[in-house]
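Peer 1: Mind looking over this structure? Questions follow.
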């Protein structure tokens, strides 16, 4: 269960699978997440998808599925009406890169992940 407090917490194990699926879709070039929309994941608009693709390309290393090491540094926090989740991403050269996935998790009768961005903070 995600906590509604002012602290940062590690990403719960129960959410990691869906986040892994999301990042695997990005690694396969599916930046609008068409392959997993409706499975607890909201669609990504074309502008956001293009920005994500550009930011990953500019990073200069191929995005790969998440390495287990990312969970040591990835966090979530309650933001008054949603949870902000920050997941460090894995690349071909780095199990934990400087690229970060930013998502919102909203609770509209079921938890839904909404992708905000992928970038280097």
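Peer 1: Look through 97, 90, 74 and report the one residue that is crowded, with 18+ Cβ neighbours inside 10 Å and either over 13 Å from the mean Cα position of the chain (by Cα) or at pLDDT below 95 (or both).
Peer 2: Just a single option satisfies the conditions, and that option is 97.
Peer 1: Filter the range 36-51 down to residues that are more than 14 Å from residue 113 (Cβ to Cβ) and either touching a residue at least 12 places away in the same chain (Cβ under 8 Å) or touching a helix residue (DSSP H, G or I) at 6+ places or on another chain (Cβ under 9 Å) (or both) and give me whichever is surrounded by the most Cβ atoms within 10 Å (Cβ to Cβ).
Peer 2: 49
Peer 1: In addition: Search the range 1-14 for residues that are under 15 Å from residue 70 (Cβ atoms) and pair each with any residue that is modelled with pLDDT under 90 and assigned to a helix (DSSP H, G or I) when their beta-carbon atoms are under 9 Å apart and the residues are at least 6 apart or on different chains.
Peer 2: So the pair list comes out empty.
Peer 1: Which of the residues that make up the range 26-47 are closer than 21 Å to residue 76 by Cα and part of a helix (DSSP H, G or I)?
Peer 2: Selection gives 26 alone.
Peer 1: Is it the case, given these coordinates, that residue 113 is under 12 Å from the mean Cα position of the chain (by Cα) and modelled with pLDDT under 95?
Peer 2: In short, yes.
Peer 1: Can you name the strands (runs of 3 or more DSSP E) wholly within the range 56-121 that have at least 2 residues being touching a residue at least 12 places away in the same chain (Cβ under 8 Å) and farther than 19 Å from residue 8 by Cβ?
Peer 2: Fully inside the range 56-121 and qualifying: 111-119.
Peer 1: Report yes if residue 21 is part of a loop (DSSP other than H, G, I, E, B), surrounded by 15 or more Cβ atoms within 10 Å (Cβ to Cβ), out of contact with any strand residue (DSSP E or B) (no Cβ under 6 Å at 6 or more places or on another chain) and at pLDDT 95 or above, otherwise no.
Peer 2: no
The values are calculated or read from the model by the stated rules, or taken from the named source; none is laboratory data. Predicted model, so just to flag it, every value in this text is computed and none were measured. Neighbour counts are summed over all protein chains in view; Cβ atoms, including those assigned to glycine, are modelled from backbone coordinates with ideal geometry.
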